[in-house]
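One structure is given here, and the rest of the page talks about it.
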Amino acid sequence: RISPFASITRMPRTQARVGPYLLIPEWDWLLMVTVSAEQMRLTRNEFLARVALIFVVASVLGWWFYVRAARAVLDPVLDLSRAAAEIGRGDWRGLPEPLARKDEIGALSRNFVAMARRLRDSQHDLTRQAESLRESNAHLEEEITERVRIEHDLRKATTSFMGIFDSSPSVLIAVDRGCAVTHWNRTARAWVGLETKQ
């Protein structure tokens, strides 16, 4: 029985040939298509070279697309990370413009920039309020210093007045609007018998 699988046949005084064959018993024929073994090797090598070239080109293109896709995602995220670090140091000049992309990276960029702008505005407001409070505190300190000086002068004047009031040889009695005695001098106290004259 003849198998219809490929075989190598050697023809006299010719080169080796490779090919499948098929036995047709009704006609008592052996149908065979052959090709030169050398030509088959060349075709195989050419095919393998083309496959290798296609693989290399596909690998390079795949790597290039991968790098571009990774950069399209990674670069904006790294920019936002750098901006966040600069904002953390208090430098608002590094705040990027929001990306116009319609994907998640664009939404992340827009949300980050909006949040950072609100933080910047809040910080400016707080800075202005802190400056206003510092100015108010400085003004209050000046007022307190002035009031302390005035109270000191008033106590000094009151002490001097009370010294003059108390040492007067005349009877001096001070009353308020309700006619209640608020002060009287030593002469007045002695005159009513509360204090002996010296």
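Checked against (1) open to solvent by 90 Å² or more (accessible area, probe 1.4 Å); (2) over 30 Å from residue 73 (Cα atoms), residue 130 passes all but a single condition, namely (1). Out of the residues in the range 85-100 that are open to solvent by less than 70 Å² (accessible area, probe 1.4 Å) and not in a helix (DSSP H, G or I), which is nearest to residue 69 (Cα to Cα)? So the residue we want is 99.
Here residue 30 does not qualify as outside any helix (DSSP H, G or I), among the hydrophobic types (A, V, I, L, M, F, W, C), without any contact (Cβ under 8 Å) to a residue 24 or more places away in the chain and open to solvent by 70 Å² or more (accessible area, probe 1.4 Å).
Would you please name the residue that is modelled with the highest pLDDT, looking only at residues in the range 160-191 that are of a type in the set (S, T, N, Q) and surrounded by 10 or more Cβ atoms within 10 Å (Cβ to Cβ)? It comes out as 160. Among the numbered conditions (1) at pLDDT below 85; (2) on the phi < 0 side of the Ramachandran plot, the only one that residue 90 does not meet is (2).
Looking at 109, 160, 132, just one residue is among the polar types (S, T, N, Q) and touching a residue at least 12 places away in the same chain (Cβ under 8 Å), and that residue is 109.
Residues checked against (1) open to solvent by 60 Å² or more (accessible area, probe 1.4 Å); (2) outside any helix (DSSP H, G or I):
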{"site": "47", "(1), (2)": "yes, no"}
{"site": "60", "(1), (2)": "yes, no"}
{"site": "74", "(1), (2)": "yes, no"}
{"site": "80", "(1), (2)": "no, no"}
{"site": "83", "(1), (2)": "no, no"}
{"site": "102", "(1), (2)": "yes, yes"}
{"site": "108", "(1), (2)": "yes, no"}
{"site": "114", "(1), (2)": "no, no"}
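Filter the range 133-159 down to the residues that are aliphatic (A, V, I, L, M) and open to solvent by 80 Å² or more (accessible area, probe 1.4 Å), then identify the one that is farthest from residue 194 (Cα to Cα). Within the range 133-159, the match that is farthest from residue 194 (Cα to Cα) is 133.
The values are calculated or read from the model by the stated rules, or taken from the named source; none is laboratory data. Everything numeric in this text was worked out from a predicted model, so none of it was measured. Heads up, the Cβs are rebuilt from the backbone with ideal geometry, glycines too, and the neighbour counts pull from every protein chain shown. Areas reflect the complete protein model, heavy atoms only, side chains present, ligands, DNA and RNA absent. Shrake-Rupley method; radii C 1.70, N 1.55, O 1.52, S 1.80 Å.
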